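Single-structure report; data block below.
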Amino acid sequence: MNIILFGPPAAGKGTQAKRLVETHNMVQLSTGDMLRAEIASASELGKTVKDILASGQLVSDAIVIDLIKANLPRAEAAGGAIFDGFPRTVAQAEALDALLQGRGAKIDRVVRLKVDEAALISRIEKRFADQGRADDNPDTYKERLAVYNAQTAPLLPYYAAQNKLFEVDGMGAVDDVAARIDEALSETA
Ligand code: AMP
C-alpha cells in the first residue's frame, strides 16, 4: 500500500508517518528529511537547497522528484511508502502518479490531517523551542503556511477527483489521531 500523509507544515505528518512505519510494513519517504540530510552532509545538492529551505519556499519539482524516484525501490521492497511532505505541487503529484504507474503501482490513499491554524502556530512555537529548526521561526513558518495554501492545497481536488482523499481530524493527542488514521486506512474506498 502507498499512502500520502497530507497537511500543512506542523500538522503532525512526520510523527504519524513514523508510527505507521512501526505498525505497518512501510517506509517513510520525507523529502524534507532527505533535503535536510543533504544539507547536513554539505553535498552539492545540500548547498543548492540550503537557502531555499531557510526561506520557506519550495525547492524545484525536479529535485524532489529525483529524490523520490531514487527511494521508490526501497519502499516497494518493504511493502509500500508513506509519502510525507511530497507531493507539494500538482506537477509533483502528476510525476508521482507516472512513476508509480511505470512500476505497476499507485497511490492507494491520501490521508489529510485537518488542523486549525492557531493550533499549528502553537505547535510550531514548541517545535522551534525543542528542535531549533531554522525554518520553524515564526516569520518563516508563516511563509511556509502561505506556500502550502497557494501551491499544495490545490492537490486536494486532484486527489478527491481520484476518490483517494480521506479527511482525518488532526487535533488532539497523537494516539487519538493515530487511531483515526488507522480507521481511514481500513475504510473501504
Ligand atoms: P518539510 O520538512 O516537509 O516541512 O520540508 C521542509 C522544506 O523542505 C520545505 O519548506 C521546502 O523548502 C523543502 N521541501 C520539502 N519537501 C518538498 C517538496 N515536496 N517540494 C518542494 N520543496 C520541498
Between residue 116 and residue 169, with labels modelled 7 Å along Cα→Cβ, what's the label distance in nm to one decimal, could you check? 1.2 nm
Residues of the range 11-50 with backbone nitrogen within less than 19 Å of a virtual label 7 Å along the Cα-to-Cβ line of residue 66, please, listed as ranges. 30-50
Can you compute the helix-only [θ] at 222 nm over the chain? Use -39500 (n - 2.57) per DSSP H run of at least 4 residues, normalise by all residues, nearest 500 deg cm²/dmol. -18000 deg cm²/dmol
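What relative contact order, as a whole-number percentage, does the chain give when Cα pairs under 8 Å and 6 or more residues apart are counted?
31 percent
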Relative contact order for the range 111-189: what percent, with Cα pairs under 8 Å and sequence separation of 6 or more? 41 percent
Which of the lysines could be linked to residue 164 by a straight reach, that is with a Cα gap under 21 Å, when you skip same-chain ones fewer than 8 residues away? 13, 106, 114
Loop-resident trypsin sites (Lys or Arg not before Pro) in the range 31-105 with no more than 15 other Cβ atoms inside 10 Å, DSSP not H/G/I/E/B, are 103
TM-like helix rule applied to the chain (DSSP H, alpha carbon span at least 24 Å on the long axis, mean Kyte-Doolittle at least 0.5) gives 61-78
Compute the Kirkwood hydrodynamic radius of the chain, taking the inverse of the mean of 1/r over all pairs of distinct Cα atoms, and give it in Å to one decimal. 16.9 Å
Which one, 111, 147, 48, is farthest towards the positive end of the dipole of the chain when Lys and Arg carry +1 and Asp and Glu -1 on their Cβ? 48
Binned Cα-Cα distance frequencies in the range 48-127 - 5 Å width, integer %: 3, 11, 20, 21, 17, 15, 11, 3, 0
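Throughout, read-outs are computed from the coordinates displayed, never taken from laboratory work. What you see is a predicted model; the values in this text were computed from it and never measured. Because the Cβ atoms are built from the backbone with ideal geometry, glycine has one as well, and the counts that use them run over all protein chains shown.
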